[in-house]
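Here is the structure we will look at.
The values are calculated or read from the model by the stated rules, or taken from the named source; none is laboratory data. For clarity, every value in this text was computed on a predicted model and none was experimentally measured. Because the Cβ atoms are built from the backbone with ideal geometry, glycine has one as well, and the counts that use them run over all protein chains shown.
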Amino acid sequence: MSRERFEELVADALDEVPEELLRLMDNVVILVEDDPPEDDPDLLGLYEGHALTERGWDYAGVLPDRIFIYRHPILRICDDDADVVDEVAVTVVHEIAHHFGIDDDRLHALGWG
C-alpha cells in the first residue's frame, strides 16, 4: 500500500473520532512514519508528550505532543486492505487515548489494546 493511501486511512480514522474529543485535543500533531525506532521494530504507534491529565499550571511554551502511526509494521501484520483500515483505526484511537491520559492496561481492558 502506498504511503499516500496509508495517510488517507489515518485521516479517515481521525474523521471517525467524535468531534467532542477532537476539540479537547490540545497541542498535538499526528504523523505517519514508515518505520518505528530501531529498538522496537514491531511498534504500530507511539505517543510522545505530556498527557492532558499530567499538564499543570506550568505547562506552556512546549513543542506539540506527537502521535506517530507506523506504516510498515501495520502493513506487515495485516492480510489485506480491510485489515489495514481496521488496524489503522485501532492504532489511531489507542494513541489518542494516551493523549487523554489513558494507559495501556486500561486500553486493553476496554478492548483497544
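Whenever a residue of segment 92-113 is under 18 Å from Leu22 (Cβ atoms), its partners that are among the β-branched types (Val, Ile, Thr), lying with C-beta atoms within less than 6 angstrom and at least six residues away or across chains, give the pairs Glu95/Ile67; His99/Val28; Gly101/Thr53; Trp112/Val93. Restricted to segment 8-24, and to residues there that are touching a Leu at 6+ places or on another chain (Cβ under 8 Å) and in contact (Cβ under 8 Å) with a residue 40 or more places away in the chain, the residue that is surrounded by the fewest Cβ atoms within 10 Å (Cβ to Cβ) is Leu24. Looking across segment 32-60 at every residue that is of a type outside the set (D, E, K, R) and loosely packed, with under 13 Cβ neighbours inside 10 Å, the one that is nearest to Asp80 (Cα to Cα) is identified as Pro41. What do you reckon, is Val90 among the β-branched types (Val, Ile, Thr) and buried (at least 16 other Cβ atoms within 10 Å of the Cβ)? Here the answer is yes, as Val90 does meet what is asked.
In the set (1) at pLDDT below 95; (2) within 18 Å of Leu43 (Cβ to Cβ); (3) of a type in the set (Phe, Trp, Tyr), Tyr70 fails one condition alone, (1).
Arg5 fulfils the conditions (1) out of contact with any Pro (no Cβ under 8 Å at 6 or more places or on another chain); (2) free of Cβ contacts under 8 Å to residues at least 60 places away in the same chain; (3) outside any helix (DSSP H, G or I); (4) surrounded by fewer than 15 Cβ atoms within 10 Å (Cβ to Cβ) except for a single criterion, (3). Would you be able to say whether some residue in segment 41-63 is within 17 Å of Phe6 (Cβ to Cβ) and in contact (Cβ under 8 Å) with a residue 60 or more places away in the chain? No, segment 41-63 contains no residue that is within 17 Å of Phe6 (Cβ to Cβ) and in contact (Cβ under 8 Å) with a residue 60 or more places away in the chain. The number of residues in segment 76-112 that are over 16 Å from Asp12 (Cβ atoms) and among the charged types (D, E, K, R) comes to 7.
Residues that are under 13 Å from the mean Cα position of the chain (by Cα) and either under 12 Å from His99 (Cβ atoms) or aromatic (Phe, Trp, Tyr) (or both) within segment 30-50 comprise Ile30, Gly45, Leu46, Tyr47, Glu48, Gly49, listed in sequence order.
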